[in-house]
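Q: Can you keep this structure in mind? I'll have questions shortly.
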Amino acid sequence: MHILMIGAAGMIGRKLTARLVADGTLGGKPITALTLVDVVAPAHPAGFDGIVTTRAEDLSTPGVAADCLAGRPDVIFHLAAIVSGEAEADFDKGYRINLDGTRYLFEAIRQLGLARAYTPRVVFTSSIAVFGAPFPEAIGDEFFTTPLTSYGTQKAIDELLLSDFSRRGFFDGIAIRLPTICIRPGAPNKAASGFFSNILREPLVGREAVLPVAEDVRHWHASPRAAIGFLLHAATMDLSSLGWRRALSMPGLSATVGEQIEALRKVAGERAVALIRREPDPTIIKIVAGWARNFDTGRAKALGFVAETSFEQIIRAHVEDELGGRIGG
């Protein structure tokens with residue numbers, strides 16, 4: 001099994017790489033080669049005995065995608081993207097990275113397959129940002145995609161391309177729409193959704209965090225641990241039951257910011273909650289107002305995808321995975 005991962009230096013990419021190395025197999029087949037690609041060179045995974053290739057490449061540069069496919073990988077995880085806030089702030093960069101880079105990858109796979117038989121599994125990380133208001137009480141898989149951000153529009157176009165390329169037999173693809181991943185470890189990034197993690201992650205280690213929206217803001221979440229499970233399942237499941245509707249919203253947890261804070265209080269106490277400072281940000285408030293709040297993911301659950309059912313579980317997963325079970329600065 002040869003695996004290509006694009007976006008391997010990001011948080012999800014690093015965690016997925018570590019899990020693949022720890023497991024040693026994917027779908028019952030030994031992993032013998034890893035090709036890890038990002039705009040900065042991903043770290044060489046410790047403890048892996050197979051062939052590792054790391055590349056610092058921009059997928060939106062013509063020719064890069066074809067080079068990444070030189071080893072004819074069996075499974076391709078496409079995780080690379082610029083985040084929502086940055087894609088909104090820089091229109092050209094958003095379309096270049098999030099759309100052109102993806103299209104180049106899909107076309108490179110097609111061209112390789114035309115030259116000689118090649119139909120890899122492609123797992124693409126999409127987003128719930130493909131949906132736009134007004135929303136029903138819970139968004140099902142039949143709800144139309146009318147994104148209200150450039151990032152959501154780029155992801156929606158990518159989903160259509162993936163479904164069409166799969167229908168034509170160029171690859172066997174699935175797009176998984178990730179909930180907002182919470183709690184994200186590490187430093188804050190430019191994602192408009194970053195505060196959902198910040199108001200939990202920082203107080204858990206004794207640092208102050210800024211809350212830019214009201215506590216009644218509701219959103220859809222899953223942990224990094226759940227996200228890795230989604231990716232692994234998508235890489236190995238039988239996709240025939242999806243037909244040509246290859247984009248699927250992942251399970252998650254609908255919660256308000258206030259419910260997040262209450263869960264933090266239960267796990268870490270009043271001292272942690274007191275570190276949250278309210279500073280309304282009109283730009284963030286406007287972006288978040290157009291985001292989905294709740295989903296009906298019965299289709300994904302029936303196919304074996306699972307996520308947390310309480311925010312306390314999400315917080316405790318972070319404490320276990322990132323803080324060694326310890327809370328406080």
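The values are calculated or read from the model by the stated rules, or taken from the named source; none is laboratory data. Since this is a predicted model, take the numbers as computed values, not measurements. Here the Cβ positions follow ideal geometry from the backbone for every residue, glycine too, while neighbour counts run over all protein chains shown. The accessibility values were calculated without ligands, DNA or RNA, using every heavy atom of the protein model including side chains. Shrake-Rupley method; radii C 1.70, N 1.55, O 1.52, S 1.80 Å.
Q: Determine if region 192-200 includes at least one residue that is out of contact with any Ser or Thr (no Cβ under 9 Å at 6 or more places or on another chain), open to solvent by 50 Å² or more (accessible area, probe 1.4 Å) and closer than 28 Å to I261 by Cβ.
A: No, region 192-200 has no match at all.
Q: Across region 176-201, what is the total count of residues that are in contact with a helix residue (DSSP H, G or I) (Cβ under 9 Å, 6 or more places away or on another chain), outside any strand (DSSP E or B) and of a type in the set (A, V, I, L, M, F, W, C)?
A: Here the count works out to 8.
Q: May I pose another question? If you check every pair at least six apart or on different chains, which have Cβ atoms under 7 Å apart with a residue in region 80-99 that is open to solvent by 50 Å² or more (accessible area, probe 1.4 Å) first and a residue that is assigned to a loop (DSSP other than H, G, I, E, B) second?
A: Here the result reads E88/T149; K93/I82; R96/S60, each pair linking region 80-99 to a residue that is assigned to a loop (DSSP other than H, G, I, E, B).
Residues checked against (1) open to solvent by 70 Å² or more (accessible area, probe 1.4 Å); (2) in a loop (DSSP other than H, G, I, E, B):
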{"site": "R277", "(1), (2)": "yes, no"}
{"site": "P280", "(1), (2)": "yes, yes"}
{"site": "I284", "(1), (2)": "no, no"}
{"site": "W291", "(1), (2)": "no, yes"}
{"site": "A300", "(1), (2)": "no, no"}
{"site": "V306", "(1), (2)": "yes, yes"}
{"site": "I314", "(1), (2)": "no, no"}
{"site": "V319", "(1), (2)": "no, no"}
{"site": "R326", "(1), (2)": "yes, yes"}
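Q: Which of the residues that make up region 8-22 are touching a residue at least 60 places away in the same chain (Cβ under 8 Å), out of contact with any helix residue (DSSP H, G or I) (no Cβ under 6 Å at 6 or more places or on another chain) and surrounded by fewer than 18 Cβ atoms within 10 Å (Cβ to Cβ)?
A: M11
Q: Considering (1) modelled with pLDDT of 95 or more; (2) β-branched (V, I, T); (3) in contact with an Asp or Glu (Cβ under 8 Å, 6 or more places away or on another chain), say which one I287 fails and leave the rest.
A: Among (1) modelled with pLDDT of 95 or more; (2) β-branched (V, I, T); (3) in contact with an Asp or Glu (Cβ under 8 Å, 6 or more places away or on another chain), I287 violates only (1).
Q: Any idea how many residues of region 23-66 are part of a loop (DSSP other than H, G, I, E, B) and loosely packed, with under 12 Cβ neighbours inside 10 Å?
A: 7
Q: I've got another one for you. Which of the residues spanning region 23-69 are of a type in the set (A, V, I, L, M) and under 16 Å from H233 (Cα atoms)? Walk me through how you get there before you give the answer.
A: Step one: of region 23-69, the residues of a type in the set (A, V, I, L, M) are 26, 31, 33-34, 36-37, 39-41, 43, 46, 51-52, 56, 59, 64-66, 69.
Answer for region 23-69, where residues must be of a type in the set (A, V, I, L, M) and under 16 Å from H233 (Cα atoms): L26, I31.
Per-residue answers, yes or no, for (1) outside any helix (DSSP H, G or I); (2) open to solvent by 40 Å² or more (accessible area, probe 1.4 Å); (3) out of contact with any Lys or Arg (no Cβ under 8 Å at 6 or more places or on another chain):
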{"site": "I109", "(1), (2), (3)": "no, no, yes"}
{"site": "Y118", "(1), (2), (3)": "yes, no, no"}
{"site": "S126", "(1), (2), (3)": "yes, no, no"}
{"site": "T145", "(1), (2), (3)": "yes, yes, yes"}
{"site": "G152", "(1), (2), (3)": "no, no, yes"}
{"site": "I157", "(1), (2), (3)": "no, yes, yes"}
{"site": "L160", "(1), (2), (3)": "no, yes, yes"}
{"site": "D164", "(1), (2), (3)": "no, yes, yes"}
